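Nothing in this text is a laboratory measurement; each read-out follows from the coordinates by a stated rule. Predicted, not measured: the structure shown is a model, and the values here were computed from it. As a convention, Cβ positions derive from the backbone with ideal geometry for all residues, glycine included, and neighbour counts pool all protein chains shown.
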Amino acid sequence: MPKVREKLEIPHRTAAYELLDDEIFKLTLTEENKAEVFEYGLSKLNKSQHEASSILQNLSKWDPHIRSLFALRSSSTILNTPFRLVFPNADLSSFEETGLYVRQYMAVSYCWRSKDFLSAGYERHGSWPISKPFVKAIISEKDHPRVGIWMDQLCIEQTSSVDKQKSVAAMDIIYRSCIRLLVLLEDVFLDEEEVALSKKYDPSRITFDRAWRPPADEQAVFASFYNKVNAARWWERAWCFHEFNVNEPWSHNRQCHEVYNATFIMNGPIGSTVKIKWWTLHYIMASAMPEDKGQEIFALIDAGDREPGWRSSVMARHNGVSKKGCMLLEDKLSIMINTCGLALAYQGQALKSTDEILYISALLALAVGESYPLTMFDGRAIPKLNNKSTWFQRHLVADDISIPRFRIGGLHGIHCVSMQEIELEMVFLPPPAIWSGVKDEDLRPTYEIFPGTIATTRPTTHGPVGDHFASASRPDAVLDNPRRRFLAGCVMNGHAFTARLWIQVVRDVIGPNYNQGLFKDLKPNPSLLSAAQRFVIQLLSVSTLQGIPPPSTFTLEDAHLFLTWLTDPRSMYYISVYTYRMQCTIDGQGAFTTGAQVNEHFQDGPIEELRAAVPTDLLDAPCIPLRVWLLRPRKIEDGVGKWMLVGKAMLLGEPDLKKVIKGNEGRDDAVVRSRRVVVGG
């Protein structure tokens, strides 16, 4: 075995050497070497120190117990974590000139082999936790002998709980900083035709066309390739998701330079292995099926670098991780923290339920400024935390990863939070008992606009969509009444309200949600022009009767696109089944509530006791989530009203409630008021 030259064995530069077996050795890097190979990951961690400190300050104020579960992560804590790499013994001679100082490393992402994940005749190779063909494939990826290999079972002391805890807290730095990620799909076996696809459809060598789909004679091969790769266990494991996500496959370097692009390794014909670059794999998978699993990697991040003052959704990260498999529940929390890039480490006890993870994740999200947890609600089940009722709610769409970004530090109305109660500022709206539902007799004007059944306008796309989307819309006859109720409410509220509602819909719904991804920008349906003209006439006649001069912000062109939006099947989320109207100002300006979700306590008393309120932190939030809280009174303690949360609903087309409240100061006839209240379950 070659010897390292003694004159270069300087203590602060030289790694600790350990022979593992006849084929590989392990180096434990010095802090100097770690600082060099972790430079990129540590630079990102250092930028988030202020944000992490702010989160801990908010948690200290709101819920000191939850605060005690977290510690700050910094460069010093990462550099104090042992970091080891393995090398083939044949590479040892390359260190003779430099001493045991590592140049770079590759990180391996793979599934640990449980008893249920062992194929017949499978054999591990030497000290490696994988088979010999994959070991050879990994080693052949090395483009320099001083480039090491990081693999958790070889590089983390598996018998040391301390080493494991420290390594978990550094895992994002490890995978973010590696020169290249190697993904092992040991349960995928490709045949010769499927392997040929990866050579023919390398996107770095072909012209990109968003609408392109496989030719007819290759569709069967694309489908079989997709089905095999899609079935890999790797996609379903939380730590694998973490490893790929923090490696930033969307970044410029990973996307544009082959040396940094992740390599997927699978089984090929006759005991061989096949290597496919991520950009090629993703191109083939997306071409075979637009909704491939790899898309979720991209759904959780903003395009390009984070805009100063904004960040991508913490709750979207939680949702992306929550549906993945993981042996330890608390690891899911650590994965969520790492994928968010938060400079925090979870140091609490083992967690017992997914609701605990959801609550802690939501508190972290609120502490950084994300209001989304305040809008979550699922009336089908009332969660309990520590076996007690809680204000906190699950979300009806638990796996939503399309939650929009938010402004950091934008929440100011929360005073105290616990698992059971939240104390916050809320704007109380008129009570539900006096809301006006749209009745059948109110629908008459809509038949002037649409004499027959309102037909659905199918959204246009850049290419084929999955069968589930094409069949998701209900029949026009079923959707006709809900659409008419919403349209009638607009006519009854008048031109000014509809103009305000349309500004909100364009800003919050159409721009960021409809005109995205596979869908083309929403354009007016030509067949609806006549209906739009009749719609404007109806609005103007009502505004004239109300003595309100029509604004110039809702023109015929706006009405034309509005009706296109109304008839789009995606808009049923906002239209819902029933539309309720409420007055928000002394001079009669109104709003809609739709999409109400309630739990079993909604019927616990007379409707006259119900109250509706919006957290002040949701006044400037987009109209998409459920912003209205439906409350029942509980008791008053120390002058603070206590309420039980029994439902939530959407709020659409409201005036500027902050201005309304400011203008109502000192008035006994105010329609909406701001209060500080305590809400429980």
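Could you tell me what percent of the DSSP beta bridges with both partners in the stretch 582-680 are antiparallel, to the nearest 5? Provide the component values of the computation, followed by the final result.
Numbers: 18 of 22 bridges.
Once the DSSP bridges in the stretch 582-680 are tallied, antiparallel ones form about 80 percent.
Of all DSSP beta bridges in the chain, what percent run antiparallel (nearest 5)?
Details: 58 of 76 bridges.
If I count the DSSP bridges inside the chain, around 75 percent turn out antiparallel.
Can you give the percent of C-alpha pairs in the stretch 170-218 whose distance is more than 16 Å?
Details: 765 of 1176 pairs.
In whole percent, the long-distance tail amounts to 65.
In the structure displayed, which of Lys275/Lys520; Lys332/Lys352; Lys228/Lys323; Lys61/Lys324; Lys439/Lys523 lie more than 24 Å apart, Cα to Cα?
On the way: Lys275/Lys520 35 Å; Lys332/Lys352 12 Å; Lys228/Lys323 21 Å; Lys61/Lys324 32 Å; Lys439/Lys523 31 Å.
Beyond 24 Å between Cα atoms: Lys275/Lys520; Lys61/Lys324; Lys439/Lys523.
State the answer as a single residue: which of Ser74, Val188, Trp128 lies farthest towards the positive end of the charge dipole of the chain, with beta carbon charges of +1 for Lys and Arg and -1 for Asp and Glu, about the Cα centre.
So the residue we want is Ser74.
Sort the following peptides by mean Cβ neighbour count (other Cβ atoms within 10 Å, averaged over residues), highest first: 349-356, 46-53.
Those peptides, ordered most packed to least, come out 46-53, 349-356.
Just name one of Asn664, Leu651, Pro615: the one whose Cα is farthest towards the positive end of the charge dipole of the stretch 582-680 (beta-carbon charges, Lys/Arg +1, Asp/Glu -1).
Pro615
Placing +1 at every Lys and Arg Cβ and -1 at every Asp and Glu Cβ, with all other atoms neutral, what dipole size does the chain have around its Cα centre, in debye to the nearest 20? If you can, show how the numbers build up before the last one.
On the way: 77 positive and 80 negative charges, 154 e Å.
Dipole about the Cα centre, nearest 20: 740 debye.
Need the list of aspartates and glutamates near Lys199 for cross-linking: C-alpha distance under 15 angstrom, and skip anything on the same chain fewer than eight residues off.
Correct list for Lys199: Asp191, Glu218, Glu258.
Once Cα Rg over 2.2 N^0.38 Å is worked out from the coordinates, which option in [x] 1.36; [y] 0.97; [z] 1.11 does it equal?
Among [x] 1.36; [y] 0.97; [z] 1.11, the one derived from this structure is [z].
By per-residue mean of other Cβ atoms within 10 Å, what is the highest-first order of 402-415, 211-224, 654-667?
Values: 402-415: 17.2, 211-224: 13.1, 654-667: 14.8.
Going by the mean number of other Cβ atoms within 10 Å, highest first, we get 402-415, 654-667, 211-224.
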